[in-house]
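The values are calculated or read from the model by the stated rules, or taken from the named source; none is laboratory data. Computed from a predicted structure; not experimentally measured. All Cβ positions, glycine included, derive from the backbone under ideal geometry; neighbour counts span all protein chains shown.
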Number of protein chains: 2
Amino acid sequence: MTIPWNHHYALRTRRMGSSAIRELLKLTEQPDIISFAGGLPAPELFPVAEFQAACQKVLADQGTKALQYSTTEGYLPLRRFIVERMSRCGVVASENNVLITSGSQQALDLVAKLFINSGDNVLVERPSYLGAMQAFNSYQAEYVSVAMDADGLRTDLLEEALRNGVKFMYVLPNFQNPSGITLSLERRRTLIETADHYGIPIVEDDPYCELRFAGEALPPLIALDARRLAIAHTNGGGLSHGNVIYMSTFSKTLAPGLRLGWVVAPTEVIRSLVMAKQGVDLHTATFTQMVAYEVARNGFLDRHIEEIRTVYRERRDRMLSAMARHLPEGVQWTRPQGGLFLWVTLPQHVDSGEMLADAIAEKVAYVPGTSFFADGSGKNTMRINFSYSPPDVAEEGIRRLGRVIARWMEHVPDMEAEAVIA
Amino acid sequence: MTIPWNHHYALRTRRMGSSAIRELLKLTEQPDIISFAGGLPAPELFPVAEFQAACQKVLADQGTKALQYSTTEGYLPLRRFIVERMSRCGVVASENNVLITSGSQQALDLVAKLFINSGDNVLVERPSYLGAMQAFNSYQAEYVSVAMDADGLRTDLLEEALRNGVKFMYVLPNFQNPSGITLSLERRRTLIETADHYGIPIVEDDPYCELRFAGEALPPLIALDARRLAIAHTNGGGLSHGNVIYMSTFSKTLAPGLRLGWVVAPTEVIRSLVMAKQGVDLHTATFTQMVAYEVARNGFLDRHIEEIRTVYRERRDRMLSAMARHLPEGVQWTRPQGGLFLWVTLPQHVDSGEMLADAIAEKVAYVPGTSFFADGSGKNTMRINFSYSPPDVAEEGIRRLGRVIARWMEHVPDMEAEAVIA
């Protein structure tokens, strides 16, 4: 009997399922399409020469070590480097609070593996990061989603949402993917207090924290939580307790093709994540960790991030002014202070998912916003990436998008016509 | 309320739990200990110069591509390279049958994610690879284990074992980790037929296939299964169906520090694994895939594997003769035709787990065999790695081990003494 494979794992794939939208987005790889759909950093900023030098040095000085198996926790100098960087935004951790992961996507998977049993609720922002929900879905998570406004997650709705019972709260406080919105300081404090009051962990996903190009930096939740606990760090022991699991990545500051992210959390949580990671991939590639450390050290990463910020600020500004010129009245968008994305809201009757095929025909692409809503709402929204396309290309893309939107805004849905067809 | 973390994931970590043995094995990293415990390739064989040249070339020619996000399926030239290599052992696949993974450990995790729901049975060899069981444990697998003899898994016991209902059969046909035993051709055929008769998938883990240094190569299960199906491959379409999911790795032939493995399976299975991998880490590092391909191509990998085989053959031979000289009568061991490990069986009353602390005091280490038994048996066995230590070091290690074993063989357990202490 030749095996009908899907009988064996129907349950699992149902929740991971490929969608019509994903199929459409594959078309955006065609070279003549201006795609705002990806979450790609600007490749022309990758420090290729520095990577060449680092590869030579690592292989010449420590070649056999770089190519051998290594510890699940990650390369110690890189963990210490992360500790030092995190201390700048008020996170007093030790290397025992740090786990290197194969991109921050793996951090999401490992957290899900530890926490989520089939049917458990996860609290997410509405909208929230699609990739996180894909990670959680494979453990059969359910969702409780809480609305956002211009100051981020509406913490006034938290208590009611928590009545459903949730395993953890998943939030992206800085320049959220997909909305570009930043959680205000006051709400960060409320969130921390609420987590503490109900004893519910916070998973803080912060891939863009260093990509702020406007406004003032706000402390991460994990720093606010440590301050609340008034943890004495005089012994340099790092975080022994606390309610926040923090994750970030080198994908937006160095290069995504390395797949290097990290988790900062209380030592006990790190120990459990290490055990989980051991079964998942033994450890993150030794070579990429050593090369990334070699590139980043001695102040290079700081100088490089400054360059990225300058370029992304300009791209955001040019994108915003192109939108003001080319998008029809009645369309709204966010003005993020950092990160890679902004968020467009169309009039209620325009479905951005339905509109996508038309946009692709016009050679422009975006991600329909509904993909980011755990409850399937948000049909009139879309995510736009501003980091990837050079400004002149982006301007042309927005011009095309404006034409498409204008057509769809005129097209008021005709229920009767549909009824006839049915 | 500061969160008592383990309340949140007690269920999950219980099955991943760190053991006393693992703690002991941490001691084996001390430089004065001769460790046969690891599964490390000989680092002096790593082709460091070739990696240097490859890094330069990849970054110079395709730097921005190598550092950017890439597809979940993996780097196409590397997938084609794998197709070509697999064709040499009778596997007619296409690139659509190949998924690149972050080490073959990730292949195990992804398969488990697709197939295992809490409480599902997995059929494993007794003993079997510890890392696979760690991967399966995190999905709450249960085990049905089937004894092995010198010809591998005892297929005469299969039908009875399958009566328990199993989700898939997990086997390592070549130079098994931990036992070093190879599954005979006749039993491979029986296994394939049984899988087909009952419609139960086989997961074939084959990390050492290219490291055969004695005897004749046997076809992998996936090739035998395709032959059984008499699949017509004239259209070059690869495997459209079949009952085997095959996995292997570059860890033993190029370098484990890259974390590069792969799965070959029917296209439908690959599609589902790709969806699962997307949520797990998006994709395997672009840079390491491109560098590995650059190193391996143009015949280098073949020449390099020839060198590894020569060295490992000598190390096995020297290890076997050291054992003949230094291990007490009554101790038995396997004589593998390839791979990295051999398997030692002590007299029934000697518990290799209890003996380990004593061995470490004598500055020699191994993995107690019971770690590899799903049913907790095998207390008088141990896994010995022969690939890592140079022959003279290994000889000294075996001499030390012989002394420890001789002491423990004299020590007949005294139940009365224990009773008094209790």
Test: A:P41 is part of a loop (DSSP other than H, G, I, E, B) and either more than 20 Å from A:A276 (Cβ to Cβ) or more than 9 Å from chain B (Cβ to nearest Cβ) (or both): yes
Take the conditions more than 25 Å from A:L229 (Cβ to Cβ), of a type in the set (K, R), assigned by TED's automatic domain parsing to the domain that holds A:R212 and out of contact with any helix residue (DSSP H, G or I) (no Cβ under 7 Å at 6 or more places or on another chain) and apply them to A:R85. Does it pass? no
Which of the residues spanning region B:65-77 are surrounded by fewer than 24 Cβ atoms within 10 Å (Cβ to Cβ) and of a type in the set (A, V, I, L, M, F, W, C)? B:L76
In the list A:N97, A:N174, A:N164, which residue meets the criterion of being under 26 Å from A:D302 (Cβ atoms) and away from chain B (no Cβ under 14 Å)? A:N174
Scan B:L123, B:L78, B:L99 and give me the residue that is under 22 Å from the mean Cα position of the chain (by Cα) and either outside the structural domain of B:K252 (by TED's automatic domain parsing) or in a helix (DSSP H, G or I) (or both). B:L78
Residue satisfying all of: in region B:274-307; surrounded by fewer than 20 Cβ atoms within 10 Å (Cβ to Cβ) and within 14 Å of chain A (Cβ to nearest Cβ); nearest to B:N380 (Cα to Cα) among these: B:H304
Only residues that are within 12 Å of chain A (Cβ to nearest Cβ) and under 23 Å from B:A150 (Cα atoms): list them for region B:123-137, please. B:Y129, B:L130, B:G131, B:A132, B:M133
Would it be correct to say that A:G74 is at the interface with another protein chain (Cβ under 9 Å from one of its Cβ atoms) and out of contact with any Cys (no Cβ under 7 Å at 6 or more places or on another chain)? no
With the condition kept exactly as written, say whether any residue in region B:197-214 is on the phi > 0 side of the Ramachandran plot and touching a residue at least 60 places away in the same chain (Cβ under 8 Å). no
Would you check which residues across region B:283-316 are in a helix (DSSP H, G or I) and without any contact (Cβ under 8 Å) to a residue 12 or more places away in the chain and list them? B:D302, B:R303, B:E306
Looking at (1) touching a residue at least 40 places away in the same chain (Cβ under 8 Å); (2) in contact with a strand residue (DSSP E or B) (Cβ under 8 Å, 6 or more places away or on another chain); (3) over 25 Å from B:L45 (Cβ atoms); (4) outside any helix (DSSP H, G or I), which is the only condition B:G353 fails? (4)
Only one of A:P347, A:P328, A:P336 is buried (at least 19 other Cβ atoms within 10 Å of the Cβ) and in a loop (DSSP other than H, G, I, E, B); which? A:P336
Can you confirm whether region B:208-223 contains a residue that is within 14 Å of chain A (Cβ to nearest Cβ) and assigned to a helix (DSSP H, G or I)? yes
Any residue that is under 30 Å from A:N96 (Cβ atoms) and under 18 Å from the mean Cα position of the chain (by Cα) - is there at least one of those in region A:222-240? yes
Criterion violated by A:G353 - all others in (1) within 24 Å of the chain's Cα centre (by Cα); (2) modelled with pLDDT under 95; (3) over 18 Å from A:E410 (Cα atoms) satisfied: (3)
